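The values are calculated or read from the model by the stated rules, or taken from the named source; none is laboratory data. What you see is a predicted model; the values in this text were computed from it and never measured. Virtual Cβ from ideal backbone geometry, glycine too; neighbours counted across all protein chains shown.
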Number of protein chains: 2
Amino acid sequence: MSGEFSFSLISTDGAARRGEISTPRGAIRTPVFMPVGTAATVKAMFLDAVRATGTDVVLANTYHLMLRPGAERIAALGGLHKFMGWPHPILTDSGGYQVMSLAKLRKVGEQGVTFRSHLDGAMFELSPERAIEIQNLLGADIAMQLDECLRLPAPEAEVARAMRLSLRWAERSKRAFESAAPGRALFGIVQGGVSPTLRSESARELVRIGFHGYAIGGLAVGEPQDVMLATVEETMIELPADKPRYLMGVGEPDDLLAAVARGIDMFDCVLPTRAGRHALAYTRKGKINLRNARHADDPRPLDETSQCPAARDYSRAYLHHLVKANEMLGAMLLTWANVAYYQELMNGIREAIAARRLKDFVAETEANWTKEPR
Amino acid sequence: MSGEFSFSLISTDGAARRGEISTPRGAIRTPVFMPVGTAATVKAMFLDAVRATGTDVVLANTYHLMLRPGAERIAALGGLHKFMGWPHPILTDSGGYQVMSLAKLRKVGEQGVTFRSHLDGAMFELSPERAIEIQNLLGADIAMQLDECLRLPAPEAEVARAMRLSLRWAERSKRAFESAAPGRALFGIVQGGVSPTLRSESARELVRIGFHGYAIGGLAVGEPQDVMLATVEETMIELPADKPRYLMGVGEPDDLLAAVARGIDMFDCVLPTRAGRHALAYTRKGKINLRNARHADDPRPLDETSQCPAARDYSRAYLHHLVKANEMLGAMLLTWANVAYYQELMNGIREAIAARRLKDFVAETEANWTKEPR
């Protein structure tokens, strides 16, 4: 491994961008969808299948890995790439979001956050510096600054306070990151709820500090899609064109299309993997709930035109049977099919931007989604 | 598909036999281990991986499939091979064993058995004729006669009664099987508990009726290994050399070695797959419980010399982590490694018989099993 982290813009179509991130561990074609590998595994999938769907980068969760098996342990075993058997790029989040959503008794102060593990109640501390240290121990190709994630809705003054604390943590994260190995990247995270003023302030200040890329955090937490997209648009104004832009935790396929059209380059979301464990298939023709009895005698595959064996080679009747019988193979096949569909969608998006026909691609894709009865 | 069912003996080493079963769906190298695909899936495995471990035939359970999704449904979908995506040989049991072990309110009479489904309490009837009909609907390459399986221990008179009922059912099964598609085979099942006299009577009478192969049922239900093996030896005396002999539900690797040495050709057992879902790995050097904390920092794979990626390419530390985190990938990898180990063992057995060195192979294999701390 050698080389620098860099981002190059290949072509644009309106606000949408086709680009490429270079890392010492390989290239990331953007717009990119990152499957989530929470606990050093993309749930229910072998990583060679994840790769074969067209995945350039996976996300792993600092919070989960710091609790179990521990960052120092993973470092001693040669780092996260070796531990999980994924030699390609990995982005790690900073833990802030899971501390908010999973940990018990969390207490936020200027220095950082203390919390109890949701696994065994053990006390942990996470500061901006420790979050960077953990991500460096894991060996993340792209690390994220620690931010304070609020449970929403929250009063605007509280949103402003958390956003400004996150800015101070961004400064400290950048300083702490100076000792990171060459070629690794650190992203800042824009916060500010759904307030355009706060989002603009957050983005401007992060750009002033200077990062390898910029993420938009604190969205896709239950707000309507148009509110999310309006906030993305406001934030975009402040973000430099020559750095990647990452919309965290998003989303449904139609969120991806809409956000790409507004200039987002990177996404992660548990939806394709989580849905795969809950009998839900994403396909070209829309979502299919395999638990539904109408599939019991249906010999058709999920999508006979898919490149993915899981979507192409197994009947809906068989998938329905596996789901009803709680067989692990049901989750294995549906997760695989879903990640493959997401990556097929991203591939279509990238090709459409390159051909300057994203608008048509979006219209065709959305029209196709209506073709399966829900 | 065309051709007949046949069994040819290739070589012998003492009582052990190296042979080959021909079926219209492909050859089965014996001695053979059949992974169990209870509900039309070898739990937690893709069937291409099952095949790649060297699996020639899988077993599926009539009881489970008749309840869900139903034999007529599978037939309408093109049969079990197509339904599950396994074009190679399939052996189905007759349902008798699961009716005993799983069903509620079972009632055995001369005609057959009535019982309630353990899934939803629905009433079902299983007669020798219906068991054959179901197996024909599934498209089994090797079908088994319905037998009455007792909960043991049971009084000898009761064992004798059930054995003789099973013989009458064997006659009816054979008659019912006359309409089966060409190339399919039907096996009789020797019963009689651990009584040499009853076993001999059962075997003699089955041979008189005449089957494509003979199974030994009702063993490996908790009796000591030497009692099981003594019963196998007694039964062997009555079984013709030119037909395959199948020891049902067996077993641990050392059971396989001991039974092969006594002339058994076929085995099935849930152990490798079940153990894989319970953190237990079978390896050349013995069993490894991945739940044990001593593996947390161990960078070694289960077996660096294995042909199986699951055993060769993942550290024990990672497997331990997956098991502790209840990640599906843990069960996926350990099941794969276990089935691969069982098939590697069977391959070694077959080569050793061909080279007339089974005794040495058994000694070497058993010595190796002591090399991992339990």
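Details
- Flag: A:D265 does not match the condition of being of a type in the set (D, E, K, R) and under 26 Å from B:K82 (Cα atoms).
- Verdict on A:H321 being in a helix (DSSP H, G or I) and within 14 Å of another protein chain (Cβ to nearest Cβ): yes
- Residue check for A:E20: surrounded by fewer than 24 Cβ atoms within 10 Å (Cβ to Cβ) and part of a loop (DSSP other than H, G, I, E, B): no
- Residue check, A:F115 touching a His at 6+ places or on another chain (Cβ under 7 Å) and either without any contact (Cβ under 8 Å) to a residue 60 or more places away in the chain or not basic (K, R) (or both): no
- Selection status of B:T41, hydroxyl-bearing (S, T, Y) and within 9 Å of chain A (Cβ to nearest Cβ): yes
- Among the numbered conditions (1) surrounded by fewer than 18 Cβ atoms within 10 Å (Cβ to Cβ); (2) of a type outside the set (D, E); (3) under 15 Å from A:M248 (Cβ atoms), the only one that A:A220 does not meet is (1).
- B:T41 touching a residue at least 12 places away in the same chain (Cβ under 8 Å), over 25 Å from B:I349 (Cβ atoms), touching a strand residue (DSSP E or B) at 6+ places or on another chain (Cβ under 8 Å) and surrounded by 23 or more Cβ atoms within 10 Å (Cβ to Cβ): no
- Residue, farthest from A:Q191 (Cα to Cα), within region A:150-170, restricted to residues that are aliphatic (A, V, I, L, M) and at pLDDT 95 or above: A:A157
- Matching residues in region B:163-191 - criterion: being more than 26 Å from B:I90 (Cα to Cα) and touching a residue at least 40 places away in the same chain (Cβ under 8 Å): B:L165
- Complete set of residues in region B:291-349 that are aliphatic (A, V, I, L, M) and in contact with a Pro (Cβ under 7 Å, 6 or more places away or on another chain): B:A296, B:A311, B:A317, B:V339, B:L345, B:M346, B:I349
- Any hit, region A:265-284, residues being in a loop (DSSP other than H, G, I, E, B) and farther than 30 Å from A:I216 by Cβ: yes
- Given (1) surrounded by fewer than 24 Cβ atoms within 10 Å (Cβ to Cβ); (2) within 14 Å of another protein chain (Cβ to nearest Cβ), index of the condition A:T12 fails: (2)
- Checked across region B:83-91, the condition of being over 20 Å from A:M332 (Cβ atoms), away from every other protein chain (no Cβ under 14 Å) and of a type in the set (V, I, T) holds for at least one residue.
- Residues of region A:324-365 that are part of a loop (DSSP other than H, G, I, E, B) and aliphatic (A, V, I, L, M): A:A325, A:A355.
- Within region B:48-58, one or more residues are within 12 Å of chain A (Cβ to nearest Cβ), touching a strand residue (DSSP E or B) at 6+ places or on another chain (Cβ under 7 Å) and β-branched (V, I, T).
- Annotation: of all residues in region A:242-254 being in contact (Cβ under 8 Å) with a residue 24 or more places away in the chain and more than 21 Å from A:G96 (Cβ to Cβ), the one that is surrounded by the fewest Cβ atoms within 10 Å (Cβ to Cβ) is A:D242.
- So B:D303, is it facing another protein chain (nearest Cβ under 8 Å) and either crowded, with 22+ Cβ neighbours inside 10 Å or not aromatic (F, W, Y) (or both): no
- Members of region A:306-318 found to be within 11 Å of chain B (Cβ to nearest Cβ), crowded, with 20+ Cβ neighbours inside 10 Å and not polar (S, T, N, Q), listed by number: A:A310, A:Y314, A:R316, A:A317, A:Y318
Results for (1) under 30 Å from B:E4 (Cβ atoms); (2) touching a Leu at 6+ places or on another chain (Cβ under 7 Å); (3) surrounded by 15 or more Cβ atoms within 10 Å (Cβ to Cβ), shown as yes or no for each residue.
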| site | (1), (2), (3) |
| --- | --- |
| B:R116 | no, yes, yes |
| B:A122 | no, no, no |
| B:E125 | no, no, no |
| B:G139 | yes, yes, yes |
| B:L146 | yes, yes, yes |
